[in-house]
Every structure is written in structure tokens, then in C-alpha cells.
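Chemist: Below is one structure. I have some questions about it.
The values are calculated or read from the model by the stated rules, or taken from the named source; none is laboratory data. Computed from a predicted structure; not experimentally measured. Backbone-built Cβ (ideal geometry, glycine too); neighbour counts: all protein chains shown. Heads up: the accessible areas ignore ligands, DNA and RNA and are worked out on the full protein's heavy atoms, side chains in. Shrake-Rupley method; radii C 1.70, N 1.55, O 1.52, S 1.80 Å.
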Amino acid sequence: MAETFTIAHPHFDAATGSASFTYRLGELQFTETLSFPAGGDAEVVATTAFEKLLDLTAIVLGVSYFKLRAPLDITTEIALTQTERAFVIDVYENGLGEFYARNDLKRFGRLRLTAPDDARPEPAPPVLNDRALLPIGGGKDSLVSVELLSAAEIEFTPFAVNAKGPILTSVEKIGREPLYVRRTLDAEMIRLGREPGYYNGHVPSTAINSMIAALTSLLFSYNRIVLSNERSASEGNVTFDGREANHQHSKSIAFERLIADVLARASGGALGYFSLLRPYSEARIASLFARETRFDRVFSSCNENFKLAGNGGPLWCGNCPKCHFVFLIFAPVMDKDRLVGIFGQNLLDQPHHEHSFRELTGLAGQKPWECVGEIEEAAACLYALTDRPEWRDDAIVSALRADLIAQYGEPRLTAALAELMVDTTEHLIPPALAERVARHAF
């Protein structure tokens with residue numbers, strides 16, 4: 001008999017602010033918990049909207065357990081609308097696209113979801129305060145959102161799941177009281193992920209944290225969740241099993257549209273969801289970050305800081321593609337001494353990392369499985385440095401210059417560099433808010 005992944009109804013204890021989620025994978029059973037801060041609205045817990053969001057959260061969190069065996073059958077007693085079914089399939093297919101590609105598992109279009117139909121009317125909208133919950137990731141992006149929201153005088157609260165390292169230091173610099181949720185994964189799932197016969201790999205963490213943010217928004221009365229995902233996140237990494245696999249799928253504009261619609265319907269239209277930085281390229285965000293120095297010594301995008309085991313080292317490891325990409329996009333817009341001071345080293349003057357920069361700029365291999373910008377974006381930023389006296393003789397810049405020009409041509413690179421500073425209109429930001437923020441982005 002084929003294995004089935006089963007998602008049980010979740011449970012929320014209003015007295016303790018704790019939610020529990022149970023899953024079965026064949027003969028195995030797992031339970032994980034979310035612990036919310038004290039002071040949540042006990043009355044909202046009894047609403048249909050909260051119940052619906054709790055159910056959807058259970059399904060999305062389940063990807064961490066499903067991926068141990070990645071069976072074709074998913075079943076649940078949680079009732080779903082047609083819109084929600086499409087959302088769930090997207091999370092378990094495209095959200096796990098990198099996981100499938102790296103484990104050579106063909107699942108696209110093959111998953112079978114069994115769940116009752118939800119024919120109930122849309123939930124009544126809970127009354128929520130006009131303010132934003134702002135997820136803080138510890139990197140440059142959410143801190144640019146902090147600056148833009150503050151300048152536009154939009155009320156917001158920092159939010160994080162399992163806050164650690166750069167998240168904590170960044171929030172301290174922000175100077176606003178945060179809301180933190182603790183997520184406790186089942187220890188047996190973590191153990192099995194290291195054992196033969198079980199799979200491990202990337203999960204759509206933005207989708208997971210967004211659902212937790214939705215519950216937090218209802219509990220503490222916020223009518224919008226403001227993400228900090230840039231337009232570059234929509235570019236995939238490789239084509240696998242007839243589809244583009246994207247490390248950042250749950251940060252893409254396609255996923256944003258899906259989840260925004262699902263959250264709006266589930267909350268009776270009360271809860272908004274959008275990315276404030278969607279109009280911008282990574283290079284544009286770097287230029288906005290460079291205006292402010294107060295976060296220089298506290299932020300980090302290096303994934304060494306967000307491993308389950310923690311990180312006792314520096315904020316930037318200097319060896320990973322994420323470090324290399326962030327350094328690269330800051331170089332054209334930030335004083336060299338300042339940038340080297342932030343990273344503790346000049347990452348563009350280290351010949352042993354040349355291959356990493358070649359992958360980032362499309363000169364070799366594939367786009368790394370990291371939250372990095374578009375291939376041509378990286379190529380344009382590196383090309384920009386070839387005319388800068390302070391950068392052009394550094395090992396990476398001088399080594400890649402000729403190959404960049406040969407592959408792309410100088411007119412294309414020049415045009416790409418200019419285009420990076422042109423904002424796109426493809427976003428979900430409410431028009432009035434977009435106008436207020438835009439005044440402070442130039």
C-alpha cells in the first residue's frame with residue numbers, strides 16, 4: 001500500500017497561546033507547536049476566520065514533515081475551497097521545487113490531495129486595527145522596509161518566528177517593541193532527516209512564516225502583513241521535471257498573488273498581504289539601504305546565522321554565494337571602506353572565490369540555490385565596477401571583465417544597469433500606501 005501524508009485538525013489553546021499541529025506519514029506521527037506572545041485576543045480565537053487560518057497554517061507547516069518521504073498522496077479532514085486547494089498544491093509542488101530538483105523527485109502534477117469541500121460562506125471579517133505586521137529577517141531588505149514605513153509615518157510592529165542573531169540585533173536598532181512567535185519542530189522529524197531512507201532539503205519558509213504571521217495578525221489586531229520581497233525573487237534557478245524550480249518561490253510575485261487572495265478570503269477581506277519592496281530590484285534596494293548607516297553592524301543575510309544549530313561566528317561568513325551577492329550589489333552604491341568594514345574583508349579581491357561570482361553572473365554553472373538576485377542583475381553590477389578606479393583592479397572584477405563583455409556585450413550590460421533603478425508597477429501595494437512610500441524612495 002502506498003504511503004500517505006495525513007494532516008490532522010490543529011488545536012489552539014487560548015489560555016496559553018499555544019497551537020499544536022499533528023501529522024502522520026505512514027506509521028510515523030509528528031507534532032509541532034507554535035507559542036504566541038501573551039496578550040492575544042481570546043475572542044478572535046472563536047471566530048470562523050481564525051479557525052480557517054489555523055487550518056491553513058496546519059497544512060502549510062506540514063511541508064516540513066511531508067518531505068521526509070514525499071509521498072504522492074496527501075489527505076486531510078480540513079475542508080478546503082477550490083481556491084485553497086490550488087494554494088495547497090502550489091505550496092507542496094512549486095514551494096518544494098528546489099527540494100524535488102535536488103533530490104531528483106518528480107512530483108509536479110502528480111500529487112493527489114484528498115480533502116472535504118468547504119461550501120460555507122466566506123467568514124465574517126474580524127475588526128482589525130489599521131497597522132502593519134512587518135516580518136524582520138535580519139537582512140537588508142526588511143530594514144529598508146523599516147526606513148520606508150517610518151518615513152511614510154505608517155504604523156508597524158516588527159515580527160519574527162524563532163528570532164535569533166541578526167534578527168534580534170536589528171530589532172533592537174529599530175527600537176520598536178516586537179512580536180515574536182516560537183516554532184518548535186518535532187525532534188524526531190529533525191533526526192529522521194539525517195537518516196538513510198529519508199529525504200531532506202529546502203522548504204518554503206516564507207510561506208510558513210506568512211501563515212504564522214496571519215494568525216498573529218488576528219490575535220493582536222493588525223490588518224496587513226507587509227513583506228520585503230523584491231522583484232528579483234521571481235526568477236527561478238533551473239528547469240526540472242518540465243517546470244522552473246525557484247529557491248525563492250514563496251517570495252515570488254506569483255505566490256504573493258495566491259497567498260494574498262487566500263488570506264483575504266479566509267479573513268472575510270480583513271487581512272491584507274503584500275510586499276513593500278516588490279517594485280524594486282536587489283540593486284535598487286541596496287542603494288536605499290546605503291543611505292542609512294545605523295544597521296551596518298547588526299544586519300546579515302548570510303545563512304550561517306539562521307541554521308537550527310545557531311552560529312557563533314561572524315555576521316558574514318564570506319564564503320557563501322549569499323555573502324558574495326550582497327557584497328557585489330552594495331559595491332556600486334556604497335563607499336568601499338564602509339562596505340569592507342561591514343563584511344570584515346574585501347570579497348571582490350579573493351581569487352579563490354572566482355567560480356562563485358561566475359555562477360552569480362551567469363558565466364558558469366547555474367544560479368545558486370540561495371536568495372540571490374537575477375543573473376543579469378549581478379552581471380550588470382559587476383560590470384559597473386570595471387570602470388570604478390577603487391574596484392577595477394580587484395581580483396574578481398579584473399578576472400571577469402572580459403568574459404562579461406564577451407557574453408553580454410557592453411550595450412546590454414549598460415542598459416541592464418540602468419533598468420535596475422527603474423521601478424516596476426507589478427506589485428500588490430495598495431495605491432494610497434504606494435504613493436506615500438514612493439515619495440521617500442528617491
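Chemist: Taking region 53-84, which residues are in a helix (DSSP H, G or I), touching a strand residue (DSSP E or B) at 6+ places or on another chain (Cβ under 7 Å) and either closer than 18 Å to residue 213 by Cα or open to solvent by 10 Å² or more (accessible area, probe 1.4 Å) (or both)?
Modeler: Listed by number, the residues that qualify are 54, 58, 59, 61.
Chemist: Among what's in region 132-169 and is open to solvent by 40 Å² or more (accessible area, probe 1.4 Å) and among the hydrophobic types (A, V, I, L, M, F, W, C), pick the residue that is farthest from the chain's Cα centre (by Cα).
Modeler: If we take residues in region 132-169 being open to solvent by 40 Å² or more (accessible area, probe 1.4 Å) and among the hydrophobic types (A, V, I, L, M, F, W, C), then 151 is farthest from the chain's Cα centre (by Cα).
Chemist: Identify, by number, the condition in (1) of a type outside the set (Phe, Trp, Tyr); (2) out of contact with any helix residue (DSSP H, G or I) (no Cβ under 8 Å at 6 or more places or on another chain); (3) more than 30 Å from residue 393 (Cβ to Cβ); (4) part of a helix (DSSP H, G or I) that residue 284 doesn't meet.
Modeler: Looking at each condition in turn, residue 284 falls short on (3).
Chemist: One residue is enough: does region 296-309 have a residue meeting the conditions assigned to a helix (DSSP H, G or I) and over 22 Å from residue 169 (Cβ atoms)?
Modeler: Checked against the condition, which is being assigned to a helix (DSSP H, G or I) and over 22 Å from residue 169 (Cβ atoms), region 296-309 yields no hits at all.
Chemist: Would you point out which residue out of 241, 261 is open to solvent by 10 Å² or more (accessible area, probe 1.4 Å), more than 17 Å from the chain's Cα centre (by Cα), at positive phi and charged (D, E, K, R)?
Modeler: Sole residue among the options that is open to solvent by 10 Å² or more (accessible area, probe 1.4 Å), more than 17 Å from the chain's Cα centre (by Cα), at positive phi and charged (D, E, K, R): 241.
Chemist: Taking region 364-379 as the search range and keeping residues that are closer than 12 Å to residue 232 by Cβ and of a type in the set (A, V, I, L, M, F, W, C), which one is surrounded by the fewest Cβ atoms within 10 Å (Cβ to Cβ)?
Modeler: Only one residue tops the list, namely 375.
Chemist: Same structure again: For region 364-442, list the helices (runs of 4 or more DSSP H) that sit wholly inside it and hold at least 3 residues that are more than 26 Å from the chain's Cα centre (by Cα); which are they?
Modeler: 375-385, 395-408, 410-419
Chemist: Could you run through region 317-332 and say how many residues are open to solvent by less than 20 Å² (accessible area, probe 1.4 Å) and either at pLDDT 95 or above or in a helix (DSSP H, G or I) (or both)?
Modeler: 9
Chemist: Which one of 395, 415 is in contact with an Asp or Glu (Cβ under 8 Å, 6 or more places away or on another chain) and either without any contact (Cβ under 8 Å) to a residue 40 or more places away in the chain or open to solvent by less than 30 Å² (accessible area, probe 1.4 Å) (or both)?
Modeler: 395
Chemist: Can you find, within region 206-238, the residue that is most open to solvent (accessible area, probe 1.4 Å) among those that are assigned to a loop (DSSP other than H, G, I, E, B) and farther than 25 Å from residue 58 by Cα?
Modeler: So the residue we want is 235.
Chemist: Within the set of pairs 6 or more residues apart or between chains, which connect a residue that is closer than 21 Å to residue 263 by Cα inside region 55-71 to a residue that is polar (S, T, N, Q) with Cβ atoms less than 7 Å apart?
Modeler: Final answer for the pair search is 59/76.
Chemist: Checking residue 185 against (1) on the phi > 0 side of the Ramachandran plot; (2) in contact (Cβ under 8 Å) with a residue 60 or more places away in the chain, which single condition isn't satisfied?
Modeler: Condition (1) is where residue 185 drops out.
Chemist: Hey, does region 172-180 have a residue that's hydrophobic (A, V, I, L, M, F, W, C) and surrounded by 18 or more Cβ atoms within 10 Å (Cβ to Cβ)?
Modeler: Yes, region 172-180 has at least one match.
Chemist: If residue 441 meets every condition in (1) touching a residue at least 60 places away in the same chain (Cβ under 8 Å); (2) small (Gly, Ala, Ser); (3) open to solvent by 30 Å² or more (accessible area, probe 1.4 Å) apart from one, which number is that one?
Modeler: Among (1) touching a residue at least 60 places away in the same chain (Cβ under 8 Å); (2) small (Gly, Ala, Ser); (3) open to solvent by 30 Å² or more (accessible area, probe 1.4 Å), the lone unmet condition for residue 441 is (3).
Chemist: Exactly one of these conditions fails for residue 203: (1) under 22 Å from residue 149 (Cα atoms); (2) open to solvent by 10 Å² or more (accessible area, probe 1.4 Å); (3) β-branched (Val, Ile, Thr). Give me its number.
Modeler: (1)
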